[in-house]
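Worksheet: one structure, shown below.
Values quoted throughout were computed directly from the atomic coordinates according to the rules given, and no laboratory measurement underlies them. If you're wondering where the values come from, they're calculated on a predicted model, not measured in any experiment. Ideal geometry is used to build each Cβ from the backbone, glycine not excepted, and the neighbour counts take in all protein chains shown.
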Amino acid sequence: IFENSAEGAISVAREIAALIRSRQQQGELAVLGLATGSSPIGVYKELIRLHREENLSFKNVVTFNLDEYYPMQPDELQSYVYFMHEQLFDHIDLLPENIHIPDGTLPIEKVKDYCQAYEKQIDEYGGLDLQLLGIGRTGHIGFNEPGSSIASTTRLVKLDPLTITDAAKDFIKEEYVPLRALTMGVGTIMKARKIILMAWGEGKAKILHETVEGRVSEEVPASFLQQHPRVKVVVDQWAAQELT
Ligand code: F6R
């Protein structure tokens, strides 16, 4: 629990930097699972600073993003492709061929094979070393809404009405928010060797309490993280206020 989100974000960025540097020394890749939304922005800001001021290179980094709206064109302002480039990728030396973000432009008949291939690609890189997560007020991680099973894999999902309401701020009007998304599954996330879940602000306090201290169930998909051997929950004092 950190005093504020800025301090929490710096600590998460340092942990990511340490992983990247230790892999560099061994001549190996670091495979990162990344999130979008407001929660990781401070982490990305600090990673950019480390790149500019402390020589942190991302040349040995491979990234897989959690999710993307469906349908979605990459050049739309609300796309997660646009977000990742603006918030991180355009400011560091990550190689374009090492970036993976679910493709929201695919025709529906190609989605199933594509999702299986996304899983396979992660496996071919030896799995995710570290998965960064935010949490939605529904208890979603990625876009695994209530009802998602622990074994779920990358797939097309329907967004929960509360998630659509929360996304409306990015889309001008609620009716413009896509009803669906492509997301890594809970099972995909659980296979990561290490997971960091971030939550800032009192709006996340209730769901954070249910996630960390509540019963493990599909009703709160993030609660499955209780069963992961190496998960760290990084929060500010406001998100932590309902923890006992
Ligand atoms: C984003 C994602 C979502 C968000 C969650 C919280 O890639 O997978 O699960 O992490 O909706 O969003 P913010 O951080 O905007 O509160």
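If you take the charge dipole of region 1-153 about its Cα centre, with +1 on Lys and Arg Cβ and -1 on Asp and Glu Cβ, which of PRO40, PRO146, LEU95 is farthest toward its positive end?
Of PRO40, PRO146, LEU95, it is PRO40.
Could you work out how much longer the chain between ILE108 and VAL216 gets when fully extended? Use 0.36 nm per residue separation minus the Cα distance between them, nm to one decimal.
The ILE108-VAL216 span can extend by a further 35.6 nm.
Name the shape class, rounded, prolate or oblate, that the alpha-carbon gyration tensor gives for the chain, where a ≥ b ≥ c are the square roots of its eigenvalues, rounded holds for a/c under 1.5, and otherwise prolate holds if a/b is larger than b/c and oblate otherwise.
rounded
Give me the extension gain from GLU124 to GLU53: residue separation times 0.36 nm, minus the current Cα-Cα distance, reported in nm with one decimal.
Going from the current span to full extension adds 22.3 nm.
What full-extension length gain, to one decimal in nm, is calculated for ARG137 and HIS91 as 0.36 nm per residue of separation minus the Cα-Cα distance?
Stretched fully, the ARG137-HIS91 segment lengthens by 13.5 nm.
Once amide H atoms are placed 1.01 Å from N in the peptide plane, what residues at a sequence separation of 5 or more from TYR70, or on another chain, have their amide H within under 5 Å of its amide H?
ARG180, ALA181, LEU182
Taking the Cα centre as origin and putting +1 on Lys and Arg beta-carbons and -1 on Asp and Glu beta-carbons, what dipole magnitude results for region 96-146, to the nearest 20 debye?
The calculation lands at about 240 debye.
What does the charge count around THR63 come to, taking other residues whose C-beta lies under 14 Å from its C-beta (Lys +1, Arg +1, Asp -1, Glu -1)?
Neighbourhood net charge equals -4.
Give the order of TYR114, TYR44, TYR176 when sorted by the count of other beta carbons within 10 angstrom, beginning with the fewest.
So the ranking, lowest neighbour count to highest, is TYR176, TYR114, TYR44.
Among LEU66, LEU179, LEU159, which one moves the most in a GNM of the chain with springs linking Cα atoms closer than 10 Å?
Sorting by GNM fluctuation, first place goes to LEU179.
Helix-derived [θ] at 222 nm for the chain: sum -39500 (n - 2.57) over DSSP H runs of at least 4, divide by residue count, nearest 500?
Helix-only estimate at 222 nm: -10000 deg cm²/dmol.
Quick one: GLU15, GLU53, fewest Cβ neighbours within 10 Å first, how do they rank?
GLU53, GLU15
Using +1 on the beta carbon of Lys and Arg, -1 on that of Asp and Glu, and nothing else charged, what's the dipole of the chain about the Cα centre, debye to 20?
520 debye
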